[in-house]
1. Could the peptides 8-20, 82-94, 124-136 be put in order, highest first, of the mean number of other beta-carbon atoms found within 10 Å of their residues?
2. Would you mind giving the three semi-axes, in whole Å and largest first, of the ellipsoid equivalent to the range 1-124 according to its Cα gyration tensor?
3. Cα-Cα over 32 Å: which of 30/108; 43/87; 14/108; 10/30; 14/176; 3/43?
4. At a 10 angstrom cut-off on C-beta neighbours, averaged per residue, how do the peptides 28-39, 56-67 rank from highest to lowest?
5. Order of 40-48, 159-167 by packing, highest average Cβ count within 10 Å first?
6. In nm, to one decimal, how far is the residue 185 label point from the residue 23 one, both placed 7 Å along Cα→Cβ?
7. Can you compute the charge dipole magnitude of the range 1-87 about its Cα centre, using +1 on each Lys and Arg Cβ and -1 on each Asp and Glu Cβ, nothing else charged? Give it in debye, rounded to the nearest 20.
8. Can you list the HN-Hα couplings for the range 71-86, worked out from phi with the Karplus curve (6.51, -1.76, 1.60; θ = phi - 60°), rounded to whole Hz and with x for Gly and Pro?
Amino acid sequence: MAKNAKMKYKFETKHVAGLPKYRFETETGKPLAVVWHWVGNYKSYKSGEISYMSNNWMNAFYHAACDYTGVTEVANTDYIAWAAGPKANGWTLHIEMVHADTREQFYKALDFYIFWTAYQHYWYDMGRTVDNAENDGWGTVWTHNAVSRHLGGTDHIDPMDYFSKWGVTLQQMINKTQEYLNALYAGDSTKVAAIGEGTIIKTVRNPQPAPPTTAKPVKKAPPKVT
């Protein structure tokens, strides 16, 4: 089908030069899921993260970075990125959220983040259901924690440690992603309310980090790829 739905947001394209281009290790050559990341640094902004990645991509890189100004795609989503370990990278896309200084900035960033996820589902035919992999290790949306628990090969901080400090739950994010995905398939995502819209958003400083958790990973077989 033609992918001509009206988009609520457009994405900036600023691909880093020299990144490797390896095709996804799936039957279709397309990604099967999106992994959600948070940068884990309360003092780093999007421009700094992109600059750092541009000089250090040999160690790790993601497809997109997000803040309250929007999503910047720094790597071609048609190819693999190195962001969640060898057991996930071959079949997943990756988006990184940087920190926000205020609640208003956070909710703006989160809506961009969620919409990008929904659009990848739509564009790459991941399915019409946004399936959370958190509990059973199978789905189209993975947190870093889900990758660590069910697949292994990575131990980076989980994004929900940060998002929950702003009062957002994983299920709320999944629900809004599904709402955007439904709207994209219906042909127009521009009228979907942003996550948090209609609530009182006070301008407050970002929440302080809590000590990291050290949950023992539980290994589980990844989706079958070829």
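1. Details: 8-20: 13.0, 82-94: 21.5, 124-136: 16.8.
Descending mean neighbour count gives 82-94, 124-136, 8-20.
2. Details: eigenvalues 98, 71, 29 Å².
The three semi-axes for the range 1-124 are 22, 19, 12 Å.
3. On the way: 30/108 29 Å; 43/87 30 Å; 14/108 20 Å; 10/30 21 Å; 14/176 27 Å; 3/43 38 Å.
In this structure, 3/43 lie more than 32 Å apart at Cα.
4. Details: 28-39: 22.2, 56-67: 20.1.
Final packing ranking: 28-39, 56-67.
5. Details: 40-48: 14.7, 159-167: 17.7.
Those peptides, ordered most packed to least, come out 159-167, 40-48.
6. 2.7
7. Details: 11 positive and 7 negative charges, 46 e Å.
Computed charge dipole of the range 1-87: roughly 220 debye.
8. 9, 10, 7, 9, 9, 5, 6, 7, 10, 5, 10, 9, 9, 9, x, x
FYI, it's all coordinate maths here, none of it is from the lab. Predicted model, so just to flag it, every value in this text is computed and none were measured. Because the Cβ atoms are built from the backbone with ideal geometry, glycine has one as well, and the counts that use them run over all protein chains shown.
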